[in-house]
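A short worksheet on the structure shown next.
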Amino acid sequence: MRMIGCIMSAVLAGIALGWMLPSVNPEVLDQVITDVLAVMLFGVGISIGYNRRELVKIKAVGWRIVLVPGAIAGGSLLGASIGSMLLDMSLKEVLLVGAGFGWYSLSSVLITQLYSAELGAIAFLANVFRELMAFVLIPFLAIHIGKIVAIAPGGATTMDSTLPIIAKMTDTPTAMIAFVSGLILTTMVPFLIPLLVAIS
Amino acid sequence: MEIVIISLLAGCLLGASNVISEKWIGRLDQIVMAIVFVLLIAVGIGIGSNRELIGNLTLLGYKAIVVAGISTIGSVLALWFVVLKVDFFQHHKKEEEQL
């Protein structure tokens, strides 16, 4: 919860700064964001590449493990697509927001860069909400529905921020599946969002 | 935007090689976290400097809650369906017995 507070504070500080600054050149800001993003993803890439060894360790669980991130990705996009019927948003827009899988920092920046600042803001808020919901839903699902199902709400965050709570509420094999699922979903986001922008 | 994908893949290759020690991976997480905060402030500046966006923040928040809610429910239902069809732990136990 402390993390969520820090995240919201950072964004609010940015909003206040943007509001107070006499004029922000959007092109300069875009360039800075893209450069910083590239550095961040280089770091995330190192982490993913390094954790490849973890993937080898849990080979025993078998190929079925990919069904977990597969179902989470498919379910998230299918669920989000219903949003285009309920809201004044196109199918492409709701899919882009849903394709963040809870990774608010990357999805909001990518969508701002590739689509629009407005949808980027929606993506940021939606993915922060998703993470918040995950913190509440994981314990509930783990107790009432099943351990594996408890991995779903976390989306891409189950390899980092929501992993501790999954580990606490379930068991080690489930936490390992959650980690791999989060890793796969995290790897998918930077490919899926540009793909959705390009194709639909 | 290609630079973003290229740096991710370059990072993956570097991480998969044996160059990076475990000690550095721990520090890396902190560095990435610090960069995330810089990005969040930058995203905030983008929102704050756009008066039209600020005026619409309540509507955007409403849209965000709806999309977040239904995509989360969608993922839970889809995974629940898969879990009913595939027994992950049974499979895991069998593998453990074999090992």
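Taking 0.36 nm per residue of sequence separation and removing the Cα-Cα distance, the B:Glu22/B:Leu59 pair yields an extension gain of 8.8 nm.
So, R0 is 35 Å and r is the distance between the beta-carbons of B:Glu2 and B:Leu84; what FRET efficiency does that work out to, to 0.05? Calculated transfer efficiency: 0.25. If the segment from A:Ala167 to A:Ala13 were pulled out straight at 0.36 nm per residue, it would be longer than the present Cα-Cα gap by 52.2 nm.
Cβ-Cβ distance of A:Leu195 and A:Val32, R₀ of 30 Å, FRET efficiency by 1/(1 + (r/R0)^6): the value works out to about 0.75. Local charge for B:Val19 was computed over the other residues whose Cβ lies under 15 Å away, with Lys and Arg +1 and Asp and Glu -1, and equals +3.
Protection proxy ranking for A:121-130, A:187-196, A:174-183, B:42-51, using the average of other Cβ atoms within 10 Å per residue and placing the highest first: A:121-130, A:174-183, B:42-51, A:187-196.
From most to least packed by mean Cβ count within 10 Å, the peptides B:30-40, A:147-157 give A:147-157, B:30-40. The distance separating the Cα centre of the range A:150-168 from that of the range B:1-17 comes to 24 Å. Computed about the Cα centre, the dipole magnitude for chain A is approximately 860 debye when only Lys and Arg (+1) and Asp and Glu (-1) carry charge, each at its Cβ. Other residues whose C-beta falls under 13 angstrom from the C-beta of A:Val24 contribute a net charge of -1, scoring Lys and Arg +1 and Asp and Glu -1.
Read-outs throughout are calculated quantities, based only on the coordinates presented, and are distinct from any laboratory measurement. Model, not experiment: these values are computed from the prediction. Every residue, glycine among them, receives a Cβ derived from its backbone with ideal geometry; neighbour counts consider all protein chains shown.
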